[in-house]
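Report on the following structure.
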Amino acid sequence: MNIGIIGLGLIGGSLGLDLRSHGHHVIGVSRRQSTCETAMKRGCVDCASTHLSSLTTVEVVFVCTPLGLIIPTVTELITFLPKTTVITDVGSVKTPIVQAITPHWQNFIGGHPMAGTAETGIDAAIPALFVNRPYVLTPTSTTPESATATVVGIIQQLKSHIYYCQPQEHDQAVSWISHLPVMVSAALISACSQERDRHILNLAQNLASTGFRDTSRVGGGNPELGRMMAEHNHEALLNSLHQYRHHLDELINLIDTKNWQKLQQKLQSTQQERPHFVKEK
Ligand code: NAP
């Protein structure tokens, strides 16, 4: 199959490596010419350029640009494509993207591979990134079955686990497990670093170990990514944050009233719930 990939970074480059290994002909488009050349050298694409017009002959296009550029990129892209071309994206928020693109391109299906590393850019691309990882698809009532089937066929080759849901369901779910943790972790770091007593602050910084490393990891990550989550998944994230605050208030209240029994019950229930989200290896 002839497949186009726009945005040759971690996700686009990794996708290209795997698609080529399955015999697809991959045409890449990226913003910088130097990235196109690296992508060709690394075997992520068969050919690449900085022009969306180079994708007129592909059957499927994966849009893998930064989140905020997906809609403008597709708006420009569709001026070059025949109506039969299937477009899908990999953006980590789905509602605004699906709502904006669906009215303008019938053969569009939103997607989100739940895979990644801490790195970005074409040099971060690795083979088999999507193996055994969830890959969410968000077809709507107007998405043609043929478009879904085409994208599913490709994703199955990546050996991902496919999940189907509505864009809003996806956004609320990722808000719980990905976007809320970033904000909670950021609040933790922020609160600790505001300790006014310099001696205690220094002591805490020297004593911090694995517990703090685990709980602060996502809050100490890429600030642009955190902002992007809040900006594009605004409603779902706010909903999660308000509910989180309610649970925090409950804990404060239990500690304030020295209700140790209730506190232990609450912690017992969180201990039981965690394995439903995190499967220990
Ligand atoms: P990335 O490594 O920064 O790659 C994005 C690439 O897009 C950049 O390397 C850049 O390449 C290129 N680009 C920027 N503007 C462009 C434009 N106007 N036209 C064409 N290419 C352009 O980011 P990523 O982590 O792969 O993320 C890409 C998408 O995947 C995002 O929408 C994100 O939500 C989604 N996603 C990310 C992860 C993750 O964990 N990282 C997981 C799942 C989904 P050059 O400027 O070098 O040409």
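Nothing in this text is a laboratory measurement; each read-out follows from the coordinates by a stated rule. Remember, it's a predicted structure, so these values are computed and weren't measured experimentally. Ideal geometry is used to build each Cβ from the backbone, glycine not excepted, and the neighbour counts take in all protein chains shown.
Within segment 253-281, being among the hydrophobic types (A, V, I, L, M, F, W, C) and surrounded by 10 or more Cβ atoms within 10 Å (Cβ to Cβ) holds for LEU254, ILE255, TRP260, LEU263, LEU267.
Taken residue by residue, segment 48-61 has no member that is hydrophobic (A, V, I, L, M, F, W, C) and within 22 Å of THR117 (Cα to Cα). Please verify whether VAL174 is surrounded by 15 or more Cβ atoms within 10 Å (Cβ to Cβ), touching a Ser or Thr at 6+ places or on another chain (Cβ under 7 Å) and in contact (Cβ under 8 Å) with a residue 60 or more places away in the chain, treating the condition exactly as stated. Criteria met by VAL174. When PRO72 is tested against (1) under 22 Å from the mean Cα position of the chain (by Cα); (2) touching a residue at least 24 places away in the same chain (Cβ under 8 Å), just one condition goes unmet, and that condition is (2). Looking only at segment 153-164, residues that are surrounded by fewer than 17 Cβ atoms within 10 Å (Cβ to Cβ) and in a helix (DSSP H, G or I) come to 3 in all.
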